[in-house]
Amino acid sequence: MKIYAVGGAIRDTLMGLPVHDIDYVVVGSSVEEMIAQGYHPVGKDFPVFLHPETQAEYALARTERKTGKGYKGFLFYADPTVTLEQDLERRDLTINAMAQEVSADGKWVGPILDPYNGQQDLAARVFRHVSDAFAEDPLRLLRIARFAARFPEFTVAPETMAALQAIVESNELNALSAERIWQELARGLIANKPVRMFQVLLDADAAKTLLPSRLTSYLAQEEFREQLIAHLHAADNRLEDRCAVTLMYLPASEIRLWAECVKMPNEVRDFSEIFSELNALIAKSINDVAVSYQPADVLIWFNRADVWRKPERGQALLDLAKRIGLNVAPLILAMESAQSLNTAEIIEGVLPEDRSNGESIRRAVDAARLLAITVAVSI
């Protein structure tokens, strides 16, 4: 049997990028032989094994045949007769369909095996699919979009864009699990240029299926895309920040609906919703002269953001707004002033007979916070 390093590890090495994970393919072996050599089987759909010492994953060379809908609708065939070229042919892009032999001591040896001209496409900075089987897997559309965000200097070959459009037309995107859709979108959001991911989704006509309809409409506008690029550049690569600035012009109710559709993590959803409400508060407060915040509106947002029990989140929301150029200096001062109040002293000021009444205490605390906010936003 022979062992090869394949896929992204070869691509990233050629690009001079750090290699974090290595995929290994074993050619000319069988399940029985792998087990006899101490490998531990872990694959459910096809034979994958853990190395007895390094615990790295090794997969038997395999072919596949489409048998149903979605990215799981495939029948895999692994056999000692399956060649390396056949295994590489089932991969998505030519730049991911290269391999190099691994010696007994774990070193990569010999020439790079490149039956589908991946090095040529790598030099030309082109995403090109390997075979017609590419369009059978709807997940590959999201992977290409995510790759575009990671490698923004690459373009999608015309024939590959046609294959992406064929995936959309087949309606197979509907067979993808919500969790997998979010996983790919999230990885694209924290990549170098997330707007490139959105552009591929627009070009493939997939945005209307995968993204909120209002966001899709906005992304079709060049002015919005340019502003989003600037906002994403100003924000750091934290997922909550990237998602929040992308969705900031959507009502919180629409963010909630989409979050449920793609199974967005609650903390990311909440951060995005509250940031969109902050953006709405700022927009409401802008007039011809300056920004004039209504203290009552500010208190409502502070309560919504729960800056009292989650001060770090409140600070993160306002810091993000400041980084993208929104005028939140009065809000930062107001939050700090209101948070510095001594709640115990406020409660002591409540009539003794009302101190057991939660609503009376809440009103007293809100009144004190409102006064602090009023002073702060009027400075």
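Quick notes on this one:
- Condition broken by ASN279, with the remaining ones in (1) within 28 Å of the chain's Cα centre (by Cα); (2) over 29 Å from ALA230 (Cβ atoms) satisfied: (2)
- Any chance ARG140 is modelled with pLDDT under 95 and touching a strand residue (DSSP E or B) at 6+ places or on another chain (Cβ under 9 Å): yes
- Within the range 178-275, helices (runs of 4 or more DSSP H) holding 1 or more residues that are open to solvent by less than 10 Å² (accessible area, probe 1.4 Å), closer than 23 Å to PHE127 by Cβ and in contact with a strand residue (DSSP E or B) (Cβ under 8 Å, 6 or more places away or on another chain): 194-203
- Long-range neighbours under 9 Å by Cβ, at least six apart or interchain, first residue under 14 Å from LEU176 (Cβ atoms) within the range 194-211, second of a type in the set (Val, Ile, Thr) and surrounded by fewer than 19 Cβ atoms within 10 Å (Cβ to Cβ): LEU201/THR209; LEU201/THR216; LEU210/THR216
- Residues of the range 121-140 satisfying the condition of being closer than 16 Å to ASP12 by Cα and assigned to a helix (DSSP H, G or I): ASP121, LEU122, ALA123, ALA124
- Beta carbons closer than 7 Å, at least 6 apart along the sequence or on distinct chains, pair a first residue in the range 218-246 that is under 16 Å from ARG269 (Cα atoms) and in contact (Cβ under 8 Å) with a residue 40 or more places away in the chain with a second that is open to solvent by less than 70 Å² (accessible area, probe 1.4 Å) and not in a helix (DSSP H, G or I) for ASP241/ALA235; ARG242/ALA235; VAL245/ALA235; VAL245/ILE324.
- Residue list for the range 89-115, restricted to those being surrounded by 13 or more Cβ atoms within 10 Å (Cβ to Cβ), outside any loop (DSSP other than H, G, I, E, B) and aliphatic (A, V, I, L, M): LEU93, ILE95, ALA99, VAL102, ILE112, LEU113
- For the range 117-135, the set of residues classified as farther than 12 Å from ILE95 by Cβ, surrounded by fewer than 22 Cβ atoms within 10 Å (Cβ to Cβ) and not small (Gly, Ala, Ser) consists of ASP132 only.
- Total residues in the range 234-260 satisfying the condition of being under 26 Å from LYS208 (Cβ atoms) and at pLDDT below 95: the figure is 1.
- The numbered conditions (1) at negative phi; (2) within 26 Å of the chain's Cα centre (by Cα); (3) modelled with pLDDT of 90 or more; (4) open to solvent by 20 Å² or more (accessible area, probe 1.4 Å) are all true for ILE3 except (2).
- Those residues of the range 141-164 which are surrounded by 16 or more Cβ atoms within 10 Å (Cβ to Cβ), part of a helix (DSSP H, G or I) and out of contact with any helix residue (DSSP H, G or I) (no Cβ under 8 Å at 6 or more places or on another chain), in sequence order: PHE147
- Within the range 346-355, restricting attention to residues that are modelled with pLDDT of 70 or more and more than 13 Å from ALA367 (Cα to Cα), the residue that is most open to solvent (accessible area, probe 1.4 Å) is GLU348.
- Test: residue in the range 287-300 that is of a type in the set (Asp, Glu), touching a Phe, Trp or Tyr at 6+ places or on another chain (Cβ under 9 Å) and open to solvent by 40 Å² or more (accessible area, probe 1.4 Å): no
- Looking at the range 282-379, the helices (runs of 4 or more DSSP H) lying wholly inside it that each contain 1 or more residues that are over 32 Å from the mean Cα position of the chain (by Cα) sit at 295-305, 329-339, 343-348, 358-377.
- Any hit, the range 102-111, residues being free of Cβ contacts under 8 Å to residues at least 40 places away in the same chain, over 23 Å from TYR4 (Cα atoms) and hydroxyl-bearing (Ser, Thr, Tyr): no
- Residue identified as touching a His at 6+ places or on another chain (Cβ under 9 Å), of a type in the set (A, V, I, L, M, F, W, C) and open to solvent by less than 60 Å² (accessible area, probe 1.4 Å) among ILE324, ILE332: ILE324
The values are calculated or read from the model by the stated rules, or taken from the named source; none is laboratory data. Being a predicted model, the structure only gives us computed values, none of them experimental. All Cβ positions, glycine included, derive from the backbone under ideal geometry; neighbour counts span all protein chains shown. Surface accessibility is based on the protein's heavy atoms, side chains included, excluding ligands, DNA and RNA. Shrake-Rupley method; radii C 1.70, N 1.55, O 1.52, S 1.80 Å.
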